[in-house]
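These notes are about the structure you will find just below.
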Amino acid sequence: MLWVGLVAGLTSWACAPSGLEEARSALRTNDLRTAQRELERDRESHPRSVEVRLALGEVYYRIARDALDWEGDEGRYLAYLERSVDEFLVAATLDPKSPQPHLYLAVMDVYRGELDAALRGLENSRRLGPTPVADTNLAEIYLYRGEIEQAKHWNQEGDLRGAGPGPVTFNRMLIRWHEGDLDGARRDFSILSARHPEMIRTINLAPLPLEPRSFEQFAGYCCASPGCGPYLEDACSGLGLVARRREVSEETLLQELRLEMEKRRRLHDIYQQRKELEIEVEGDEAGSAP
């Protein structure tokens, strides 16, 4: 679970718009309609609030996920995905030094199966905010890419720099599961369940239906999520579980690609005048888009 950890801290801002507190409460219960209403109201009165834009981008993304994962509504998914990306890009425009828009966009890339883009986004996030948790986020992406030694390296870096036991233990659990050490993975899950339950309550920002009570239950949720299972397919198979992949039409894939190219164009425009920030917008695959 890439650690965003943003919404919980939004209302620490002394002049926070009034809807942020209610939106935060609504998100705890996955009441996306209330969160959307409150944040859209705040956006009207505080259009330059980075905090509001980021929070609303997360809400739109979660609505998009629900539309595709639970309703099979690709039109609604694409509409809210575009809204979500727009909010994150506006946030990056308002504060080009903020690492958070890149982190959120990377989370979305993981869900879409675009690990190269996700890695680039996390590296940008780390450049702008070189925190220990940025190290552990990189560790998780390297694990998903199958680069286990890199995953271990960045998890250790995060641990040494003070990321805290939650993200470090979560990554270690996934690494042990990937390597077939189920007893070790179960021990790590027990630690998380007792001391850091927030780490096992969501996958790719999507809250789990119920808080898992065992490692096997968590693994079942992971394998059933397109934002987790496909990257741990062999590990899922070892538990007799099938890794769920996204099933979308070619038209939806094409629309996602067009949205990705528009995202890169806008990021390029944002950072063209801020070259000292060293933000990498495009990778080698950029030229393959129509």
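What's the local net charge at residue 170, with K and R +1, D and E -1, over the other residues with C-beta under 9 Å away? Let's see the in-between values first.
Details: positive: 172; negative: 140, 188.
Its environment carries a net charge of -1.
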The percentage of Cα-Cα pairs in the range 63-115 separated by more than 19 Å is 31 percent
Distance from the Cα centre of the range 175-228 to that of the range 16-94, in angstrom? 26 Å
Taking 0.36 nm per residue of separation and subtracting the Cα-Cα distance, what length does fully extending residue 70 through residue 254 add? 64.1 nm
Over 16 Å [Cα-Cα, the range 28-118], rounded percent: 54 percent
Of the convex hull enclosing the alpha-carbon atoms of the chain, the direction-averaged projected area in nm² is 14.9 nm²
Between the modelled labels at residue 210 and residue 282 (7 Å from Cα along Cα→Cβ) the distance in nm is 5.0 nm
What are the aspartates and glutamates whose alpha-carbon lies under 20 Å from the alpha-carbon of residue 97, with same-chain residues fewer than 8 places away excluded? 51, 58, 86, 87, 123, 135, 269, 276, 278, 280, 282
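Laboratory data are not the source of any read-out in this text; all were calculated from the coordinates shown. Predicted, not measured: the structure shown is a model, and the values here were computed from it. Glycine gets a Cβ as well: all are built from the backbone with ideal geometry, and neighbour counts include every protein chain shown.
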